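*Asks:* Just dropping this structure here.
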Amino acid sequence: MIDRIVANEEKLDKIVAIVERLDSALADFELIKEDVKAINVYYGSPDWFADKEKYEQGLLNNVKAGVLSEDAVWDVDVNIKELLEKMSDILDLYKHK
């Protein structure tokens, strides 16, 4: 019986720690959600194409410009969607309780 209690207490401690980290990460994401929207509006816009052209012409030296790559914004958007799918799966698990 004590082994069962100890084992389940360890599981509970692990769950609590992970839930706290998830809560913190979600709070951080809440702070940047408007930035995510803004980046998605910028990506592929006329401004984005103009900026990308100038960057490719070498007119914007010494500027970090990952946002002008074809993949950076797309990849982060895909990552966010995959995280949402995982969270949806967790939500489905709790809907059936």
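The values are calculated or read from the model by the stated rules, or taken from the named source; none is laboratory data. These figures come from a predicted structure and were not determined experimentally. Methodologically, a virtual Cβ is constructed for each residue, glycine included, from the backbone with ideal geometry; neighbour enumeration extends over all protein chains shown.
*Asks:* Listed residues VAL6, VAL73, VAL19, VAL78; which is out of contact with any Asp or Glu (no Cβ under 6 Å at 6 or more places or on another chain) and touching a residue at least 24 places away in the same chain (Cβ under 8 Å)?
*Replies:* The match here is VAL73.
Residue-wise test of (1) polar (S, T, N, Q); (2) at pLDDT below 95; (3) assigned by TED's automatic domain parsing to the domain that holds ASP77.
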residue: MET1; (1), (2), (3): no, yes, no
residue: ASN8; (1), (2), (3): yes, no, no
residue: LYS11; (1), (2), (3): no, no, no
residue: VAL16; (1), (2), (3): no, no, no
residue: GLU20; (1), (2), (3): no, no, no
residue: SER24; (1), (2), (3): yes, no, no
residue: ASP28; (1), (2), (3): no, no, no
residue: PHE49; (1), (2), (3): no, no, yes
residue: GLU56; (1), (2), (3): no, yes, yes
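*Asks:* Return the pairs, sorted by first residue and then second, in which the second residue is not hydrophobic (A, V, I, L, M, F, W, C), the first residue lies in region 25-40 and is within 11 Å of ILE80 (Cβ to Cβ), the beta carbons are less than 7 Å apart, and the residues are 6+ apart or on different chains.
*Replies:* What qualifies is ASN40/ASP77.
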